[in-house]
Every structure is written in C-alpha cells, then in structure tokens.
Amino acid sequence: MPRVLVRIAAVLGCLGAATAGARELPGTVLTLEASGDTRPDRVTAAAPYRFALLEDGQVFVGGTSGLLVGRIAKDEVEALERRLAEIRKLPGLASVVAFSAAPTGYRLVARKGKPLDVLAQGDPGQAHPALAPLAALVRDLSGFSHVSLRRYEPAQYALLVREGKLEGGCRTWTLPVSMAEALAGPRVVRDDAAAGWPTGATPAQVCAEGKTYLAALRPLVPGEKP
C-alpha cells in the first residue's frame, strides 16, 4: 500500500476507534469531532466536541480543553440543514473520505433527517472539488464563531485513563473512582471532584502500583453519555 494511503488509514483508524459508538448525545442535529494530534502528551479521545448543535438551537464549540456555549437562530439552523442536504446529494459519497494526507481527522455526524456519518482525513482546504460542500462545512464548523458564545462550565466530565508516561513527576490520585474502574472504561466525574485537574486532551500523570498512567477529563455536554 502506498505510504500516503497508509497514513490516511492510520489517522482514520485512530479517529474511528476513538469516536465510533463512544459518545451518545441525544437530541443532536449535528456534531463534529476532530482528531490527528498523536503526541504522547495528548489523549485525543478526551477532547471536547469541536461543534455540537442541539435541536433547540443550542450550540457547543470546543477546542483542546474547554467548551463554549451559545444559541443560534432558526434561520441559521435551517441554513446548516440545507448544507447537509447538499452533502447528502454528493455522488458516491462514502463513509470514509480523504481531503489530503495531512495528519488531521474529522467525524461529521448528522442525526436529523437521513443519517449522515462521515470520517474525513486531511486539510479541508486541499479537498477535491467533488468534496467541496463537505470540506467547506467541516472547515466552517471547525472555526465556528457566533456572538452568543460564552464560556461553558461543565457539571460533569468523562474520566479516561490509559497507561503512558510524561516528563516530570506524578500527581496524587484524588478522583472518586478507583484506578481499576477507570481503566475498565470511561467514568463520570462531577465538576467539584475534577477541580484543579487538567481537562480535555491534556492529561495528568498518575503513578499507581508501579505503573504510570495518563488521566484525562473530557467536558460533557448536558445529556451526553461517555
């Protein structure tokens, strides 16, 4: 297999493994998740949604660690739905596409109307013209800005833990979940318990029973199941 295709498969594989079936957010119209940061000091699966639109017009916009919340008008929601309809009509649109060989991946999911679930790899700015509507929407949602956006303070976080090592010492484990429980799968942690811990894709290093772990806290949108 050509080296470029190997890179594409690897990035999409990581994104798919991190997101497919991993998040549940009832009442969503549209969500966008991003991946591609493979640095050892990052836990990509703990990054918040890049963009999430709920049925009531509420939107959540995320980066590496935190979220903003706002609300868009009915005509703005309808404009996004028209763009999704245009994407659904693209000839031969597959569930996995490549914009370029850049090490960035996106998952675009639309649940209202005809379901749409697309994994896209690479830079939207380098997409083939045939994928222009999809690439433009991914680009716009990735950099979404709106006058209503303000800082969002999550009530809950999803705790994700895996083995790993960072430079520096270990943090004392103060979270109300045993290490065994955390390693078994994501666990919900309240905001007061998570106070003082890094959030999003930036993890903390914890040592336990002779091993070193990376613990990351993903901000949860209301109603989201880890």
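Bear in mind these aren't lab numbers, they're just calculated from the coordinates by the rules spelled out. The shown structure was predicted, so the numbers you read here are calculated from the model rather than taken from an experiment. In this analysis, Cβ positions are derived from the backbone assuming ideal geometry, glycine residues included, and neighbour counts consider all displayed protein chains.
Here are the numbers for the structure shown:
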{"item": "Rh (Kirkwood; distinct C-alpha pairs) - the stretch 58-140, Å", "result": "13.8 Å"}
{"item": "Förster-model FRET efficiency, 35 Å R0, ARG111 and LYS211, C-beta, rounded to 0.05", "result": "0.35"}
{"item": "Non-local Lys pairs in the chain, i.e. 8 or more apart or on different chains, that have alpha carbons under 30 Å apart", "result": "11"}
{"item": "Linear extension gain, LYS225 paired with HIS128, 0.36 nm per residue minus alpha-carbon span", "result": "31.4 nm"}
{"item": "Radius 14 Å from Cβ of PRO133, net charge of other residues (Lys, Arg +1; Asp, Glu -1)", "result": "+2"}
{"item": "Histogram of C-alpha separations across the chain, 10 Å bin width, %", "result": "8, 32, 34, 20, 6, 0"}
{"item": "Nearest-0.05 FRET efficiency for LYS74 and ALA94, computed from C-beta distance (R0 25 Å)", "result": "0.20"}
{"item": "Rg over Rh [alpha-carbon atoms, Kirkwood Rh] for the stretch 114-206", "result": "1.10"}
{"item": "Total charge dipole magnitude, the stretch 50-151, about the Cα centre, Cβ charges on Lys, Arg, Asp, Glu only, Debye to nearest 20", "result": "140 debye"}
{"item": "Coil-residue trypsin sites (Lys or Arg not before Pro) of the stretch 30-124, DSSP, other Cβ within 10 Å capped at 16", "result": "LYS89, ARG111, LYS112"}
{"item": "Gain in span if fully extended, ASP191 to THR64, counting 0.36 nm per residue against the direct Cα distance", "result": "43.9 nm"}
{"item": "Listed residue (ALA135, LEU160, GLN58) projecting farthest to the positive dipole end of the chain, Cβ model", "result": "ALA135"}
{"item": "Whole-number percent relative contact order across the chain, with pairs defined as alpha carbons under 8 Å at least 6 apart", "result": "25 percent"}
